[in-house]
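Below is one structure, written out as structure tokens, with a few remarks after it.
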Amino acid sequence: AQKITQTQPGMFVQEKEAVTLDCTYDTSDPSYGLFWYKQPSSGEMIFLIYQGSYDQQNATEGRYSLNFQKARKSANLVISASQLGDSAMYFCAIISGGYNKLIFGAGTRLAVHP
Amino acid sequence: NAGVTQTPKFRVLKTGQSMTLLCAQDMNHEYMYWYRQDPGMGLRLIHYSVGEGTTAKGEVPDGYNVSRLKKQNFLLGLESAAPSQTSVYFCASSQLLVQHRVGETQYFGPGTRLLVL
């Protein structure tokens, strides 16, 4: 069965600095997809970035990039030039068992300080 | 284009009462999902649907039923609410997987906060 582990319950970063949020996964499927979502205090789930297991390059979306290390089974999210609006919960998730079902990690709460 | 909408936004139930949560999407997505979010546990899949008239169990289906009579709507029912069902419920939808991708983005509704006393 697939599993996602996010070992950092909370992180803080100074505004304009970069921060890395850790995510490790466990799966026996040869092909899989990894997602990161942001949940601000308002509660909605916002899609940030996706990485497929066969993608040759690490995914990037604006200030977000995914540091994908397949051999180590890690898919860390890097946020560059942090902004106050980046303060939120961040969830890593993996595709599980077909039909695009997601398994989520417990999340990391990021606080950006001015 | 409203995306994914959920009603109601907030509800208080007494133990044993029943209710239905409604999810609607206007993106013509085939797949729809219901998740619950509890503190410190991330989101867990309750039930999902891969098309109109189909439903299937997820990770935590007990105590819930679902129906998808129309492609755009996915209903989640609680027949006899229990305090353990106090949670935030999210609906999501996604398109069919395309050939060159392993996963498609799920788009989430704003959530329904349910309190069972």
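What follows is calculated from the coordinates using simple rules that are stated; it is not laboratory data. Quantities reported herein were computed from a predicted structural model and do not represent experimental measurements. Methodologically, a virtual Cβ is constructed for each residue, glycine included, from the backbone with ideal geometry; neighbour enumeration extends over all protein chains shown.
For the stretch A:24-63, just say rounded, prolate or oblate: build the C-alpha gyration tensor, square-root its eigenvalues into a ≥ b ≥ c, call rounded for a/c under 1.5, and beyond that prolate if a/b exceeds b/c, oblate if not. Kindly include the intermediate steps, with their values, before the conclusion.
Details: a/c = 3.54, a/b = 1.65, b/c = 2.15.
It comes out oblate by the Cα gyration axes.
When chain A is described by a simple charge dipole with +1 on each Lys and Arg Cβ and -1 on each Asp and Glu Cβ, the residue from A:Trp36, A:Gln83, A:Gln14 located farthest towards its positive end is A:Trp36. Residue-wise HN-Hα couplings along the stretch A:34-48, as the Karplus relation 6.51 cos²θ - 1.76 cosθ + 1.60 with θ = phi - 60° gives them from phi, are 10, 10, 10, 10, 10, 10, x, 4, 6, x, 6, 9, 10, 5, 10 Hz; Gly and Pro carry x. In the structure shown, the pairs A:Lys16/A:Lys101; A:Lys73/A:Lys101; A:Lys38/A:Lys73; A:Lys73/B:Lys57; A:Lys16/B:Lys9; A:Lys70/B:Lys57 are assessed against 24 Å; a Cα-Cα span above that value is assigned to A:Lys16/A:Lys101; A:Lys73/B:Lys57; A:Lys16/B:Lys9; A:Lys70/B:Lys57.
For the stretch A:99-114, backbone phi angles converted through the Karplus equation (6.51, -1.76, 1.60; θ = phi - 60°) give residue-by-residue couplings of 6, 6, 6, 10, 10, 9, x, 7, x, 10, 8, 9, 10, 9, 9, x Hz, Gly and Pro being listed as x. Residues whose amide H comes within less than 5 Å of that of A:Met11, counting only those at least five positions distant or on another chain, are A:Arg109, A:Leu110, A:Ala111 (H built at 1.01 Å from N in the peptide plane).
Relative to the Cα centre, the charge distribution of chain B, modelled as +1 at Lys and Arg Cβ and -1 at Asp and Glu Cβ, gives a dipole magnitude of about 240 debye.
The slack between B:Lys14 and B:Asn73, meaning 0.36 nm per residue of separation minus the straight C-alpha distance, is 18.6 nm. Pick out which of B:Asn73, B:Asn28, B:Asn65 has the largest mean-square fluctuation in a Gaussian network model of chain B, springs linking Cα atoms closer than 10 Å. Of B:Asn73, B:Asn28, B:Asn65, the Gaussian network model singles out B:Asn28 as fluctuating most.
Does chain A come out rounded, prolate or oblate, given a ≥ b ≥ c as the square roots of the eigenvalues of its C-alpha gyration tensor, rounded meaning a/c under 1.5 and, failing that, prolate meaning a/b above b/c? Judged from the Cα gyration tensor, chain A comes out prolate (a/c at least 1.5, a/b above b/c).
Largest mean-square fluctuation among B:Val98, B:Val12, B:Val88, in a Gaussian network model of chain B whose springs join Cα atoms under 10 Å apart, belongs to B:Val98. Take the Cα of B:Asn65, step 7 Å toward its Cβ, do the same at B:Asp38, and the gap between the two points is 2.3 nm.
In order along the stretch A:59-65, the Karplus-derived 3J(HN,Hα) couplings, from 6.51 cos²θ - 1.76 cosθ + 1.60 at θ = phi - 60°, round to 6, 9, 9, x, 7, 9, 9 Hz, and Gly and Pro are given as x. A straight chain from A:Ser42 to A:Asp29 at 0.36 nm per residue would run longer than the Cα-Cα distance by 1.2 nm. Comparing A:Phe47, A:Phe68, A:Phe91 in a Gaussian network model of chain A where C-alpha atoms under 10 Å apart are linked, the largest mean-square fluctuation is found at A:Phe47.
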